[in-house]
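The values are calculated or read from the model by the stated rules, or taken from the named source; none is laboratory data. The structure presented is a predicted model; accordingly, all values stated were derived computationally and were not measured. Here the Cβ is made from the backbone with ideal geometry for all residues, glycine too, and neighbour counts use every protein chain on show.
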Amino acid sequence: MEIEISLAAEPLFQIGPLTFTNSMLTSILVGLALVIGSLVLYRRGWNLVPGRFQALVEMGMEFIYNLCVATAGKKIGRRIFPLVGTFFIFILMANWGGIYPGHGSITLHNFEGHEVPLFRPANSDLNTTAAMALVSILAVQVLSINVKGIGGYIKGFFEPISIVSIILAPVHLIGEFSHLLSLSLRLFGNIFAGEVVTVVMFFLVPYVVPFAFLGLEMLFGFIQAMIFTVLSISYMALATAKHD
């Protein structure tokens with residue numbers, strides 16, 4: 001028996017020029033689960049005396065909100081909370097969903113005739129993490145322009161005004177691009193590496209030992225969600241620091 005792990009997400013089928021991959025399927029399922037869960041909670045409403053689940057959700061959201069306010073200030077923190085809160089919830093659920101049975105074990109023959117896994121952890125696909133990182137960095141730029149204005153935004157690349165800062169302006173632009181790489185590659189690399197370790201351990205020791213790694217994967221999944229969220233908040237706070 002051989003272990004076959006693909007760095008890229010495996011294609012399932014094509015719709016015109018669009019190739020639909022197993023990581024895209026997982027992302028859609030996670031998104032649908034979150035939307036349905038949100039609608040159910042909205043219709044049920046919050047209880048004045050919260051149960052365990054409601055208390056856990058409130059604690060998590062309060063923690064992210066306080067982190068936004070403490071890092072970016074009350075005004076900006078309130079504005080960025082919905083976006084970074086969504087990042088945290090989606091990344092966490094996608095990471096934890098990747099350890100459930102079915103990922104890697106349920107296979108099918110795709111349109112190319114290859115046998116591929118039906119499900120793949122969403123964040124083990126660089127396309128998924130890069131898309132979220134792009135949204136985060138674009139939000140940073142839009143927020144900076146909204147707070148500083150176009151003039152203030154452009155001026156920020158040349159502060160303090162001097163010949164040296166003008167020469168180094170391209171370095172600032174490269175720095176913004178590096179944030180995109182940092183967010184996407186860090187999340188992708190850690191989740192993909194965790195998936196590889198888990199698959200290898202199940203192959204070598206198929207019963208008791210791998211369950212310890214599943215527990216570690218849940219911890220690492222939470223940590224990676226926090227890292228992405230905290231970095232996004234930090235970038236947004238830095239983009240508006242002088243105007244908060």
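For the stretch 1-40, a tally of residues being part of a loop (DSSP other than H, G, I, E, B) and among the β-branched types (Val, Ile, Thr) returns 2. Within the stretch 20-35, how many residues turn out to be β-branched (Val, Ile, Thr) and surrounded by fewer than 16 Cβ atoms within 10 Å (Cβ to Cβ)? Residues that pass the stated criteria total 2.
Any residue at all in the stretch 104-111 that's more than 14 Å from the chain's Cα centre (by Cα), surrounded by fewer than 16 Cβ atoms within 10 Å (Cβ to Cβ), in a helix (DSSP H, G or I) and free of Cβ contacts under 8 Å to residues at least 12 places away in the same chain? Outline the logic, then answer.
First, the residues of the stretch 104-111 that are more than 14 Å from the chain's Cα centre (by Cα): 104-111.
Of the ones still in play, those that are also surrounded by fewer than 16 Cβ atoms within 10 Å (Cβ to Cβ) are 105-109, 111.
After this cut, where a residue has to be in a helix (DSSP H, G or I) as well, the list is none.
For the stretch 104-111, residues more than 14 Å from the chain's Cα centre (by Cα), surrounded by fewer than 16 Cβ atoms within 10 Å (Cβ to Cβ), in a helix (DSSP H, G or I) and free of Cβ contacts under 8 Å to residues at least 12 places away in the same chain: absent.
Suppose the filter is modelled with pLDDT under 90 and of a type in the set (Phe, Trp, Tyr); does Tyr235 pass it?
Details: modelled with pLDDT under 90: no; of a type in the set (Phe, Trp, Tyr): yes.
In short, no.
Could you tell me whether any residue of the stretch 74-94 is assigned to a helix (DSSP H, G or I), touching a Phe, Trp or Tyr at 6+ places or on another chain (Cβ under 8 Å), among the aromatic types (Phe, Trp, Tyr) and closer than 30 Å to Ala8 by Cβ? Checking the stretch 74-94: at least one residue is assigned to a helix (DSSP H, G or I), touching a Phe, Trp or Tyr at 6+ places or on another chain (Cβ under 8 Å), among the aromatic types (Phe, Trp, Tyr) and closer than 30 Å to Ala8 by Cβ. Taking first residues from the stretch 195-209 that are over 22 Å from Ala8 (Cβ atoms) and at pLDDT 75 or above and partners that are outside any helix (DSSP H, G or I) and acidic (Asp, Glu), no Cβ contact under 9 Å between residues at least 6 apart in sequence or on separate chains turns up.
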